[in-house]
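This report refers to the structure that appears directly beneath it.
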Amino acid sequence: MYEIVQKQEMAKGTIIRFDINASKIAAKIKPGQFVIVRVNETGERIPLTVADVDRLGGTITIIFQVVGKSTALMSSLNTGEFLKDVVGPLGKETPITKLGTIIVVGGGTGIAILHHLTKALKEAGNFIIGIIGAREKEMLILEEEMRLLCDELIVTTDDGSYGMRGFVTQPLEKYLGERNDIKEVYAIGPIIMMKNICNLTKKYNIKTMVSLNPIMIDGTGMCGVCRITVGNKTKFCCVDGPDFDGHEVDFEELEKRNSMYLKEEKDALLFSIK
Ligand code: NAD
Ligand code: FES
């Protein structure tokens, strides 16, 4: 059993942050890696990439959006209550090196994962330009934390309620056009955002790493559900990723596979709240 030592409701209560007592995982987990959580004995397995770690305190931070039956159930837990299982670290860590100037881009809940990665990129001595975006001001998470890590930070909202109006791709395009010292781009967020960022960076021939979130079951390479295509080869996101060179990813296939059970997920959520 894993205790939730702190719960925080973010973004109108639709995005939840849990700090979880998990000292063995906290001692080992690296940026890019994920855990699989089960709320109870019969619960669905929920893969979540870690947003932060406190090695001394022995806690890991997960940030998730309430999108279906299982995340709704998980969001009902409070500080002092327990999760049945937290398994990890799973997946490969993101390779971190000193490259120079790097742009990190986060959209929506993807900013949570980006935060852990940005911390490591900063510690490695990189100059970090951050671009984070949300639909509206109330949906923006971790702005202050990202501001502390980034040398420059641009915030966008789709509706213009805060920061620049528009998608994160707009300031990114401006930076790519104006600066010739960008060594790499990291993008984490909705699939459409990562796809559009990769289409943009391809034009400038700038390597772009993305963190993928296909449907997963076991998270250990056994079931094949997280199958994706990267560089025309089949990969299993849980063991070969979740980070990949975005210029090689077949995003259309990922989009199609991720939407396969949307109706069932919606029905399960409706049934659970009836
Ligand atoms: P959202 O739809 O609110 O979008 C967040 C931001 O992404 C927007 O503010 C915008 O700046 C950018 N964006 C959206 N559409 C874009 C487009 N067409 N072109 C360029 N930029 C665009 O995001 P959300 O609701 O927080 O995202 C939820 C989705 O993100 C879910 O599908 C979730 O599974 C996924 N997600 C992915 C990861 C990951 O590992 N890649 C992590 C967390 C969440
Ligand atoms: Fe089963 Fe990756 S989740 S192979």
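Laboratory data are not the source of any read-out in this text; all were calculated from the coordinates shown. Worth saying up front: this structure is predicted, and the values here are computed from it rather than measured. So basically every Cβ, Gly included, is an ideal-geometry build from the backbone, and we count neighbours across all protein chains shown.
Volume per residue of the convex hull around the Cα atoms, evaluated for the chain, comes out as 127 Å³. Since only V67, I96, Q8 are under comparison, the one whose Cα sits farthest along the positive direction of the charge dipole of the chain, derived from C-beta charges on Lys, Arg, Asp and Glu, is I96. In terms of distances greater than 29 angstrom between alpha carbons, the cross-link table entries K28/K98; K92/K183; K69/K207; K202/K256; K30/K203 yield K69/K207; K30/K203. Note on the chain: antiparallel DSSP beta bridges, both residues inside, total approximately 60 percent of the bridges counted. Values of log10 I(q)/I(0) for region 1-100 across q = 0.13, 0.16 Å⁻¹ run -0.43, -0.64, by the Debye formula with one identical scatterer at each alpha carbon and no solvent. Tell me which aspartates and glutamates have Cα within less than 20 Å of K235's Cα, excluding those fewer than 8 residues away on the same chain? Within reach: E93, D218, D243, D245, E248, D250, E252, E253, E255.
In this Cβ point-charge picture (+1 for Lys and Arg, -1 for Asp and Glu), region 136-262 has a dipole of about 460 debye about its Cα centre. Against the chain, whose longest principal axis is taken from its Cα atoms, helix 262-273 shows a tilt of about 40°.
The C-alpha atoms of the chain define a longest principal axis, and helix 169-178 lies at about 30 degrees to it. Considering only Cα atoms, the convex hull volume of region 61-123 works out to 120 Å³ per residue. What you get for region 94-158, charging only the Cβ of Lys and Arg (+1) and of Asp and Glu (-1), is a dipole of about 240 debye around the Cα centre. Electrostatic bookkeeping for L48 treats Lys and Arg as +1 and Asp and Glu as -1; over the other residues with beta carbon under 14 Å from its beta carbon, the sum is -1. Taking 12 Å as the straight-line reach from the Cα of K12, the aspartates and glutamates in range (excluding those fewer than 8 positions away in the same chain) are E136, E138. The phi torsions of region 3-14, fed into the Karplus equation with coefficients 6.51, -1.76 and 1.60 and a -60° offset, translate into couplings of 6, 7, 7, 7, 10, 9, 8, 10, 6, 6, x, 8 Hz, rounded to whole numbers, with Gly and Pro shown as x.
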